[in-house]
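Written out below as structure tokens is the structure these notes cover.
The values are calculated or read from the model by the stated rules, or taken from the named source; none is laboratory data. All values derive from a computational prediction rather than experimental measurement. Every residue, glycine among them, receives a Cβ derived from its backbone with ideal geometry; neighbour counts consider all protein chains shown. We work out accessible area using only protein heavy atoms, side chains counted, and drop any ligands, DNA or RNA first. Shrake-Rupley method; radii C 1.70, N 1.55, O 1.52, S 1.80 Å.
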Amino acid sequence: AEVGNQSRGRCWLVGSGPGALEHLTLGAAALIQQAEVLIYDDLGTQAAVEAFASAKAELVYVGKRGLQKSFKQSQIDALLVEWCL
């Protein structure tokens with residue numbers, strides 16, 4: 001979409017859930033394959049990123065594993081706004 005002189009992309013939130021990779025929907029897998037940027041955490045399955053992300057995609061890992069370094073939710077929110085607008 002065009003906004004003024006600035007081109008805007010699309011942002012999709014895709015949940016892979018804590019389950020096995022084969023439970024990911026085909027639609028979710030397609031969106032992961034098409035993504036230019038993937039902001040992902042440990043709450044979903046790492047296997048989905050490894051299996052479907054394009055080699056050209058920028059991968060931004062934000063953590064979310066207990067007792068390990070993670071981004072604060074406010075930082076994750078800021079990243080989503082930065083990349084989605």
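Quick notes on this one:
- Set of aspartates and glutamates near Lys64 by C-alpha distance (under 16 Å), chain-local residues within fewer than 8 positions excluded: Asp41, Asp42, Asp77
- Solvent-accessible area, 1.4 Å probe, carbon plus sulfur percent, for the chain: 54 percent
- Using the 1.4 Å probe convention, the accessible area of the chain works out to 76 Å² per residue with neighbouring protein chains retained.
- For Val60, the residues 5 or more places off, or on other chains, whose built amide H falls under 5 Å of its own are Leu38, Ile39, Tyr40.
- Size of charge dipole - the chain - debye, nearest 20, with Cβ of Lys, Arg +1 and Asp, Glu -1, no other charges: 160 debye
- Normalised by the number of residues in segment 26-85, the mean separation of alpha-carbon contacts (under 8 Å, six or more apart) gives a relative contact order of 32 percent.
- Among Leu13, Leu24, Leu67: highest mean-square fluctuation, GNM of the chain, C-alpha pairs under 10 Å: Leu67
- Whether the chain is rounded, prolate or oblate, judged on the alpha carbon gyration tensor where a/c under 1.5 counts as rounded: oblate
- Full-extension gain in nm, His23 to Leu85, via 0.36 nm per residue minus C-alpha separation: 19.3 nm
- Phi-derived couplings, Karplus 6.51 cos²θ - 1.76 cosθ + 1.60 at θ = phi - 60°, listed residue by residue for segment 18-32: x, x, 5, 4, 5, 8, 5, 6, 4, x, 5, 4, 5, 5, 5 Hz, with x used for Gly and Pro.
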